[in-house]
Structures are given as C-alpha cells and as structure tokens.
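Structure first, then comments.
The values are calculated or read from the model by the stated rules, or taken from the named source; none is laboratory data. The structure presented is a predicted model; accordingly, all values stated were derived computationally and were not measured. In this analysis, Cβ positions are derived from the backbone assuming ideal geometry, glycine residues included, and neighbour counts consider all displayed protein chains. Protein only, heavy atoms only, side chains kept; ligands, DNA and RNA dropped before computing areas. Shrake-Rupley method; radii C 1.70, N 1.55, O 1.52, S 1.80 Å.
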Amino acid sequence: MTDLSTIDRTQTIPPWAWFVAPPLFADMHAWHDAVDEIRQATPILSAEPPGYSPMWILTRHADVFAVSRDHQTWHNTTRSVLGPDIDYANMMASGMPLPKTLVHLDGDDHRDHRAVTNSWFKPKIVANRQPRIDELADEFIGRMRDLGGHCDFASDIAQPFTLRVIMDIYGVPESDEALMLELTQGIFGAADPEYLGDAADPNARVLESVMRFIQYFNDMTVDRRACPMDDIASVIANGKVNGKLMDDEHRLWYYIIIATAGHDTTSFALAGAMDALVRHPDEFAKLRADPGLVNNAADEVFRWTSPVRHFMRYAQHDTELAGVAIPEGGRVLLSYPAANRDPEVFDQPEEFRVDRPDADRILTFGVGAHFCLGIQFAKREIRTMLDRLARQLDRVELAGDVEFAQSHFVSGVKHLPIDYSFA
Ligand code: HEM
C-alpha cells in the first residue's frame, strides 16, 4: 500500500496522490507539472486513496467555480478538510467535539454565524486599519535592514509580520504570539515533520493544539465580556446568533478559525511572493519601475502561491458535473492551485507576470457563500509589503535552498534564504 506520509518521486505516483500526500507539496514546481497533465487528461479525476472514502478531484477553474457557487447541491459539512477516514472515526468514538468553524457550517446556520463578524471584515472597515498595517510593515522592513543583507525571508519577515497584523486586530498581546504560531502550525502543518513537536503523530498534535486553543480562548472570553475592546476577540466573545450569545462550541471554533486562517495563509503568500520575485528578476524590475502595479502584482502572487490547497464539498442529491454522474453523498476536492493554472482562463498560466491582465480571476480565496472573510486583510498585507519592497530593495538574490511546508491543506514556502541590499 502507498505510504502517503513518505511517498516521494522515486516511486510511481498515482495521480490522486498529488492532492493527498503531504510530501508532494514540498516541490510545487513538480506538483504543477504533474497536475497540468492530470487537468488535461482527467479534469474530474475519480480517486480512491487507501484509507480515504472515494472522491472526485476537480482541477478546472470552471468546475471549482460552479461547485463553490451551488450551495443547494453542494455542502461543506464537518468534513470540509480532507483527512483519513480513521481519524474521523476516532474523533467520533472519542467524543471529541466535531469542528464547527464557518467552513464546517452550511445554510442558515452558516449565514447566521458569519454575520457575527461580517461587518468587521468589510472593505471600508478594514481600510481603517491601513495605518497600523503600514506601521507594522515599516517595522519589519526595518528588521530586514537590521539583519544586514541576509535573512530567511519566510521565518524572519513573512511569518512574524503576518502574525503581528492578525494578532493586533485580534487583541492578542505580542507576548502570546509565539504560542499562537505554535498552535496554528500544530493544526495546519501537523503533517510536516518540522511542526510535529513532541507529539506521537500528526493527529495527536492537532488534538493537543485544539485543546490548548480552547483553554486560551476560554480565558479570553471571560476577559472580553467583562471589558470589551475594539478588537475581533470582543466581537466573538459577545457575538449573538438569533438573539442569544453564541454557544460555547461555536464560539471556540470561531476564535480558532480566525486565529489560524488569518495567519499561515498570508505568511505563505508573502514568502511565496519573494520567492517568485527572486526567481523572476525581470518581473521584479517591472514592479520597481512602476510600483503602481502593486495591486495587480498582489493578485498574481495569490494566483501563483494559492496557499489553501483544497476544500471539500458533498453532494446533497444525485447530480452531474461536466458529464460525470455524482451520486448523493459523493464528494469532490476543490483544488485551488490547480484551478489557478487553468489555461482556459489564464494566458500562459505557468508564467509569473506582475502585470497579468487576467490575475483578478483567481480562485485563491474561493467564491460563493464561504468566500474568504479575511481577503481584505490578506490583500492589504501583501500590497503594503510589496510596495515597500519595490520602492526600497535595490538587489535581492537567492542564498540557499528554498523549502516548502509539507501539507495538503495550507502550505507554501517556509524557508527562503536571501541576500539583498537596500537602495
Ligand atoms: C492569502 C491569504 C488567504 C487565503 C489564500 C485564504 C483562502 C481562503 C479560502 C480558499 C477560503 C474558503 C473559501 C470557499 O470555501 O469558497 C477561506 C475562508 C475563510 N477565510 Fe481565508 N484566506 C486567506 C486569508 C485570510 C485572513 C487574513 C483571514 C482572517 C483575518 C481569513 C479568514 C477566513 C475565514 C473566517 C474563512 C471562512 C469563511 C466561511 O466559511 O464563511 N482568511 N479563505
């Protein structure tokens, strides 16, 4: 049987493994080459990985778009993130609470819970946070200068900058950031050996991280109910659904989704942006010559990096997708990085171009009712940093091996050694 945790490219790789096996996300260049062939040959790929219920894997932009928008036919359910069947069975057997974050809810339940924080994430409201994002970006450019021309851009800059922004709006003090980082990596990156810590296996690491999050946010609820502040933690702590305070379970998962979804994703996008610019010096030169391209360049970075690798959807009745019959209960994996390289939508998708005219058609943030709540923050963070890098960096080169995190859910560049100088 194929061991998904150790699979590598010396073995024959079944097509579905590219979407399921964490180690294969460690080389995204090889990943895209393989997935381009899969999209061309079998864009709706029937897959039965050992230990997983059957699924269809969607790699075309049109199919990912159509399924994401059809909320009558397709639901997220409590299994909206792919995992082995045994993990789910164990979770049920242990009585562990099933996840109830926004991405695990459907219909009215989802709409009502999303409404608790929705206004906080509206473009005009997020725009008020721009001065603080500017301030933090300047601080981290200062840190780059202090590092004297050499750094690991992913762990020295991208990770702490994006963490600081989200924790700032959260209301989490800087002294607790290391803990938040550790717990986020324990949930999203547990399959990566670097993030496993002392845990016996990735599942134990996820469970341990959830339990520690619960403890942390329980204390936060008490605090923000007693003394509400201008932060997202206060909105969640006091959030009401149908006129009543959110129940404990929904509230805790709410904290967890915003703390986790708002950080690693953006950090991988920013590290991936630098990786792309270093590998494409002509594109960096274009951006330096015309920093007005920064919004478009940010969209191109989101297309190029696509840090969220998938979400699942479940058919609520018999249906059909581009001629393929899918029965009630059947499930599909939406591959965002694959959809973002679909040549039906993007001209020469394998090229990174900061002035790409079709960059706004990305599916990096999904589409439909679950469309990323935090997109305005993500865009502002990447634009703000790109703008400073374009205006201030004079020279930048790769100074060692680039490493990608190994996860089939949220991943991207985790180590990026660079040499640079400022103008
Ligand atoms: C580059 C950065 C980011 C990427 C690539 C990303 C991607 C995504 C994707 C693909 C979804 C699911 C969309 C769907 O099912 O249609 C999502 C949902 C979500 N994102 Fe993001 N996201 C990013 C940043 C953020 C930030 C900064 C926050 C919070 C501050 C955030 C909070 C959320 C939440 C709460 C949801 C669930 C929405 C729902 O189910 O209604 N995300 N994101």
Legend entry - Residue among ALA378, ALA390, ALA399 that alone is surrounded by 23 or more Cβ atoms within 10 Å (Cβ to Cβ) and among the hydrophobic types (A, V, I, L, M, F, W, C): ALA378
Inset, instruction - Return only the number of the condition from (1) more than 10 Å from the ligand (Cβ to nearest atom); (2) in contact with a His (Cβ under 9 Å, 6 or more places away or on another chain) that GLY368 does not satisfy. - result: (1)
Legend entry - Sole exception among (1) buried (at least 18 other Cβ atoms within 10 Å of the Cβ); (2) hydrophobic (A, V, I, L, M, F, W, C); (3) out of contact with any strand residue (DSSP E or B) (no Cβ under 8 Å at 6 or more places or on another chain) for ALA369, by number: (1)
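For (1) within 24 Å of PHE121 (Cβ to Cβ); (2) within 15 Å of the ligand (Cβ to nearest atom); (3) buried (at least 21 other Cβ atoms within 10 Å of the Cβ), each residue gets a yes or a no:
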| position | (1), (2), (3) |
| --- | --- |
| GLU328 | no, no, no |
| VAL345 | no, no, no |
| PRO357 | no, no, no |
| THR364 | yes, yes, yes |
| SER407 | no, yes, yes |
| SER421 | no, no, no |
Inset, instruction - Restrict the check to the range 313-324 and report whether at least one residue is among the β-branched types (Val, Ile, Thr), open to solvent by 40 Å² or more (accessible area, probe 1.4 Å) and either within 14 Å of the ligand (Cβ to nearest atom) or over 30 Å from TYR254 (Cβ atoms) (or both). - result: yes
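Determine whether ASP3 is surrounded by fewer than 19 Cβ atoms within 10 Å (Cβ to Cβ), under 18 Å from the mean Cα position of the chain (by Cα) and either modelled with pLDDT of 95 or more or more than 26 Å from ARG114 (Cα to Cα) (or both). Working first, answer last.
Working: surrounded by fewer than 19 Cβ atoms within 10 Å (Cβ to Cβ): yes; under 18 Å from the mean Cα position of the chain (by Cα): no; either modelled with pLDDT of 95 or more or more than 26 Å from ARG114 (Cα to Cα) (or both): yes.
The answer is no for ASP3.
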Inset, instruction - Please work out if THR384 is more than 12 Å from the ligand (Cβ to nearest atom), surrounded by 18 or more Cβ atoms within 10 Å (Cβ to Cβ) and under 18 Å from ALA269 (Cβ atoms). - result: yes
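For the range 179-190, what are the residues that are part of a helix (DSSP H, G or I) and within 23 Å of ARG309 (Cβ to Cβ)?
Hits for the range 179-190 are MET180, LEU181, GLU182, LEU183, THR184, GLN185, GLY186, ILE187, PHE188.
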Inset, instruction - State which residue pairs qualify: first residue on the phi < 0 side of the Ramachandran plot and among the basic types (Lys, Arg) and inside the range 228-243, second residue open to solvent by less than 90 Å² (accessible area, probe 1.4 Å) and within 16 Å of the ligand (Cβ to nearest atom) in any location, beta carbons under 9 Å apart, and separation of 6 or more residues or different chains. - result: LYS240/VAL116; LYS240/MET246
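Residues being charged (D, E, K, R) and touching an Asp or Glu at 6+ places or on another chain (Cβ under 8 Å): count how many of those fall in the range 234-289.
Just the residues of the range 234-289 that are charged (D, E, K, R), to begin with: 240, 244, 247-249, 251, 264, 275, 279, 282-283, 286, 288.
Now restrict to residues that are touching an Asp or Glu at 6+ places or on another chain (Cβ under 8 Å): 286.
The total comes to 1.
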Inset, instruction - For the range 177-198, indicate whether the set of residues that are surrounded by fewer than 12 Cβ atoms within 10 Å (Cβ to Cβ), over 23 Å from VAL210 (Cβ atoms) and not aromatic (Phe, Trp, Tyr) is non-empty. - result: no
Legend entry - When residues of the range 79-104 are limited to those that are within 13 Å of the ligand (Cβ to nearest atom) and under 13 Å from PHE311 (Cα atoms), the one most open to solvent (accessible area, probe 1.4 Å): VAL81
Inset, instruction - State whether the residues of the range 46-69 include one that is surrounded by fewer than 19 Cβ atoms within 10 Å (Cβ to Cβ), at positive phi and not hydroxyl-bearing (Ser, Thr, Tyr). - result: yes
Legend entry - Residues of the range 117-128 that turn out to be among the β-branched types (Val, Ile, Thr) and either open to solvent by 20 Å² or more (accessible area, probe 1.4 Å) or away from the ligand (no atom under 11 Å from the Cβ) (or both), as a count: 1
Inset, instruction - Looking only at the range 228-263, count how many residues are within 16 Å of the ligand (Cβ to nearest atom), over 28 Å from SER306 (Cβ atoms) and assigned to a loop (DSSP other than H, G, I, E, B). - result: 4
Inset, instruction - Take the residues in the range 280-312 that are among the aliphatic types (A, V, I, L, M) and open to solvent by less than 30 Å² (accessible area, probe 1.4 Å), then tell me which one is nearest to the ligand (Cβ to nearest atom). - result: VAL308
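Here's the yes/no breakdown for (1) touching a helix residue (DSSP H, G or I) at 6+ places or on another chain (Cβ under 8 Å); (2) charged (D, E, K, R):
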residue	(1), (2)
ILE38	yes, no
ALA66	no, no
ARG69	no, yes
VAL81	yes, no
ALA93	no, no
